[in-house]
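Encoded as structure tokens, the structure appears first; notes follow it.
The values are calculated or read from the model by the stated rules, or taken from the named source; none is laboratory data. As the structure is a computational prediction, the values presented were derived from the model and not from experiment. In this analysis, Cβ positions are derived from the backbone assuming ideal geometry, glycine residues included, and neighbour counts consider all displayed protein chains.
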């Protein structure tokens, strides 16, 4: 898999992949990343990429030029890439999306800034428009990293032990059962060695935890 970020701030993205599990997986060529600074595609003298909002309104938006040129160029290179815009007005992202996107070969994650994108960019290029929650960030980079992390951990080999994915939160619309270290008092059933009983306990605990913390599920 390859993930390409379109961002005005590559330095916010690149360090995330230089530690821990994702660095090891990247070093094994289980995935690759690229960051495109679409300011480089601006045609004006000062490399401006923002513009005033037509019809009035506070702030500036990403204009309809530099990012457009960047996307056109990369669409030619990666014809089947899935293009995703990160914006608060998008569909709320969830684990089912992560599992689905993990099957893609190339994903473009387009990071917004200012008051958002010129709408024509979304209309012309977006396959999906995603929000990571009902709140506002200063830019789309954090959202794009959230999406990338959640997708990549579902790519075969990235976590090492794929069995760890089978009991995670949001599988079957349930939260993961409580986990305990070996120190101190823990539910005795978990030390019983009876795998059937342990599984039953975890299923019940998962259901109760979901009802308490996330009844909406």
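Counting only residues that are in contact with a helix residue (DSSP H, G or I) (Cβ under 7 Å, 6 or more places away or on another chain) and under 18 Å from residue 8 (Cβ atoms), segment 85-107 holds 2 of them.
Filtering segment 112-136 to residues that are in contact with a strand residue (DSSP E or B) (Cβ under 8 Å, 6 or more places away or on another chain), at pLDDT 90 or above and assigned to a helix (DSSP H, G or I) leaves only 125.
All told, residue 97 meets the bar of being within 30 Å of residue 175 (Cβ to Cβ) and surrounded by fewer than 18 Cβ atoms within 10 Å (Cβ to Cβ).
Residues of segment 12-29 that are surrounded by fewer than 16 Cβ atoms within 10 Å (Cβ to Cβ) and either in contact (Cβ under 8 Å) with a residue 12 or more places away in the chain or touching a strand residue (DSSP E or B) at 6+ places or on another chain (Cβ under 9 Å) (or both): 14, 21, 28.
For segment 1-111, the helices (runs of 4 or more DSSP H) that sit wholly inside it and include 2 or more residues that are assigned by TED's automatic domain parsing to the domain that holds residue 134 and over 22 Å from residue 124 (Cβ atoms) are 20-27, 95-101.
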